[in-house]
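Structure first, commentary second.
The values are calculated or read from the model by the stated rules, or taken from the named source; none is laboratory data. All values derive from a computational prediction rather than experimental measurement. Cβ placement follows ideal geometry from the backbone for every residue including glycine, while neighbour counts extend to all protein chains displayed. For the accessible areas, the whole protein counts, side chains as well, though only heavy atoms, and no ligand, DNA or RNA atoms are used. Shrake-Rupley method; radii C 1.70, N 1.55, O 1.52, S 1.80 Å.
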Amino acid sequence: MINSTTSEPHQSGSRESEENNMNEIINALETKGYMVCNQFDGFFGTLPDTYELYDKSGNIVADNLTKQDLIKACSTL
């Protein structure tokens, strides 16, 4: 058993469940013919926790989306 040397609570379980939840959201949108990408920052990288949604032709449907926006998109598309 590995003992933590910090007094902070272990967070990997919540991160893993959040990643699994995002994977479910992305899979649901992909089955409907959409693609989810991290929001491009306009320079050399992406913005954290911000997403873009594309249709199957590669056209952007929406950008600057949050996780909650993607959840809404799952139910409305």
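In the stretch 14-39, which residue that is of a type in the set (S, T, N, Q) and surrounded by fewer than 11 Cβ atoms within 10 Å (Cβ to Cβ) is modelled with the highest pLDDT? Across the stretch 14-39, the extreme among qualifying residues is THR31. Note on the stretch 18-77: enclosed strands (runs of 3 or more DSSP E) holding 1 or more residues that are touching a Ser or Thr at 6+ places or on another chain (Cβ under 7 Å) and in contact (Cβ under 8 Å) with a residue 24 or more places away in the chain are 35-40, 60-65.
The set of residues from the stretch 46-68 being under 18 Å from GLY33 (Cβ atoms), open to solvent by less than 80 Å² (accessible area, probe 1.4 Å) and out of contact with any strand residue (DSSP E or B) (no Cβ under 6 Å at 6 or more places or on another chain) comprises just one member, GLY58.
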